[in-house]
Amino acid sequence: MKKFLTIAAMSVAMLTATAQKSVQGSRFFDNWSVGLVGGGITKTTHSAFWKNMRATYGVELTKQITPVFALGGQFLANNNTTPSNTVFDQSNLSLLGKVNFSNLFFGYNGQPRLFEVEGVVGAGWGHDYYTKAEAKDANYLTSKFGFNFNFNVGEKKAWTIAVKPSIVYNMESDHAQSYNAYDVNKSAIEILAGVTYHFKNHSNGKHYMTLVKAYDQAEIDGLNAKVNDLRAQVNDKDAQIAKLGADNRDLQQKLNDCRNQKPTVQTVTKSTASLEQTVTFRQGKSVVDASQLPNVERVATFLKNHKNSTVDIKGYASPEGSAEINAKIAKARAEAVKTILVNKYKIAASRINAEGQGVGNMFSEDDWNRVSICTINEAQ
């Protein structure tokens, strides 16, 4: 019956999972981890502890079922722990149940703590390896009890560094010497250190479980009512949206027509002394809009066709704002037109005079005074 004590202990550990809050990231393929361990193993009694300690190493695969309980497998290989002449002379394959005491007693806050303590209990299958000349290989049941002292590191808590002391029992009875299954004389102390990587969860994208936010029914009903109200508002505005869409398409067509319109050149007869062209601006802006570029191009075309002509560009501002700011804006508007003529149309800067005139008063509407007026002077 003693052989079943380990299984019973693992069953008790599993019951701790029922006390946990609901978590995200608990699907079957979530919360898996793999680890490498290494350290030493030595007999508990009748042996010099450090002098007779032998190397042990292996791998672990663990599934975190709840923030408190985990279930995993561990395979360890030992060197020179039996009378066998083989270097690799003993192995132990164990099924381990792990109880996170930190989360059990202090609760789980949605992510691992920096330091945590786990209790470990497990049952396994031990195997001793001998050469054919020595003896037959030996198989026996094992049980393990221990602790994991875990340090969860990294910004994403994807890694765990742990120290893992435990005691391992050989569960085979020796009737000749009247040993019981948990005789300390048939046990060994195992001290391991290991590093574990926690795979990312498909459910929440984390390397650990996150808490599910619980909603009561009244809150859900309230949210549903808000959603239904928003849907009703959207349905009421379908006609408005359709109209705005039609208006937008009409405006887009007009804009395309303006962009595709070829510039018209106004010619000046020999008796005409000058020709004026106006470029308008938005409030507070000194950048020439695309819709005004044809006006600038008209000036450039005339200057290219009349090599001796010049142009005076005078920038104006509407009366909003301070006089100092308006003077700067007026100057910048004149310079903006000059820059396009020089850089884009390659008109010599010496043929262009750009000046700011401050607040304009040419028009009754204040908005109409946000302009640069280009006056072309034909050579006499």
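If the condition is being out of contact with any strand residue (DSSP E or B) (no Cβ under 7 Å at 6 or more places or on another chain), open to solvent by 80 Å² or more (accessible area, probe 1.4 Å) and touching a residue at least 60 places away in the same chain (Cβ under 8 Å), then segment 189-224 contributes HIS202, LYS206, ALA214. Filtered by the rule that a residue be of a type outside the set (A, V, I, L, M), part of a strand (DSSP E or B) and open to solvent by less than 50 Å² (accessible area, probe 1.4 Å), segment 65-86 gives PHE69, GLY72, GLY73, GLN74, ASN78, ASN79.
Can you tell me which residue in segment 172-188 is surrounded by the most Cβ atoms within 10 Å (Cβ to Cβ), limited to those that are modelled with pLDDT under 80 and assigned to a strand (DSSP E or B)? Quick ask: steps written out before the conclusion?
Of the residues in segment 172-188, the ones modelled with pLDDT under 80 are 173-181.
Those still in the list that are assigned to a strand (DSSP E or B) too: 174, 179.
Numbers: ASP174: 13, TYR179: 15.
Per the stated criteria, the residue is TYR179.
The residue of segment 346-380 that is surrounded by the most Cβ atoms within 10 Å (Cβ to Cβ), among those that are farther than 29 Å from ASN305 by Cα and under 53 Å from the mean Cα position of the chain (by Cα), is ASN369.
Looking at the structure I just gave you, is ASN152 loosely packed, with under 14 Cβ neighbours inside 10 Å and in a strand (DSSP E or B)? Please lay out each step first, then the result.
On the way: loosely packed, with under 14 Cβ neighbours inside 10 Å: no; in a strand (DSSP E or B): yes.
No, not satisfied.
The numbered conditions (1) over 25 Å from ILE189 (Cα atoms); (2) free of Cβ contacts under 8 Å to residues at least 24 places away in the same chain are all true for ALA138 except (1).
When VAL279, VAL287 are screened for being open to solvent by less than 30 Å² (accessible area, probe 1.4 Å) and of a type in the set (A, V, I, L, M), only VAL279 passes. Looking only at segment 64-90, filter to residues that are within 17 Å of LEU141 (Cβ to Cβ) and modelled with pLDDT of 95 or more; which one of those is farthest from the chain's Cα centre (by Cα)? So, considering only residues that are within 17 Å of LEU141 (Cβ to Cβ) and modelled with pLDDT of 95 or more, the one farthest from the chain's Cα centre (by Cα) is LEU76.
This table checks each residue for (1) in contact with a helix residue (DSSP H, G or I) (Cβ under 9 Å, 6 or more places away or on another chain); (2) touching a residue at least 24 places away in the same chain (Cβ under 8 Å); (3) within 17 Å of THR160 (Cα to Cα).
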position: GLY39; (1), (2), (3): no, yes, yes
position: THR44; (1), (2), (3): yes, yes, no
position: ALA48; (1), (2), (3): no, no, no
position: LYS51; (1), (2), (3): no, no, no
position: ALA70; (1), (2), (3): no, yes, yes
position: GLY97; (1), (2), (3): yes, yes, no
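For the structure I just gave you, tell me whether VAL342 is of a type in the set (Val, Ile, Thr) and touching a Ser or Thr at 6+ places or on another chain (Cβ under 9 Å). Lay out the reasoning, then the answer.
Working: of a type in the set (Val, Ile, Thr): yes; touching a Ser or Thr at 6+ places or on another chain (Cβ under 9 Å): no.
When the stated conditions are applied, VAL342 does not pass them.
Summed over segment 298-334, the residues that are open to solvent by 60 Å² or more (accessible area, probe 1.4 Å), more than 21 Å from ASP366 (Cβ to Cβ) and in a helix (DSSP H, G or I) give a count of 2. Looking across segment 30-62, just one residue is open to solvent by 90 Å² or more (accessible area, probe 1.4 Å), of a type in the set (Phe, Trp, Tyr) and either at pLDDT 90 or above or not in a loop (DSSP other than H, G, I, E, B) (or both), and that is TYR57. Any residue in segment 146-159 that's in contact (Cβ under 8 Å) with a residue 40 or more places away in the chain and farther than 11 Å from VAL117 by Cβ: show its pairings with residues that are open to solvent by 50 Å² or more (accessible area, probe 1.4 Å) and part of a strand (DSSP E or B) at Cβ separation under 7 Å, as long as the two are six or more apart or on different chains. These pairs meet every condition: ALA158/TYR197.
Is it the case that ASN139 is touching a His at 6+ places or on another chain (Cβ under 8 Å) and surrounded by fewer than 13 Cβ atoms within 10 Å (Cβ to Cβ)?
Values: touching a His at 6+ places or on another chain (Cβ under 8 Å): yes; surrounded by fewer than 13 Cβ atoms within 10 Å (Cβ to Cβ): yes.
Yes: the conditions hold for ASN139.
The values are calculated or read from the model by the stated rules, or taken from the named source; none is laboratory data. These numbers were taken from a predicted model, which means no experiment stands behind them. We place every Cβ from the backbone using ideal geometry, glycine too, and count neighbours over all the protein chains shown. Protein only, heavy atoms only, side chains kept; ligands, DNA and RNA dropped before computing areas. Shrake-Rupley method; radii C 1.70, N 1.55, O 1.52, S 1.80 Å.
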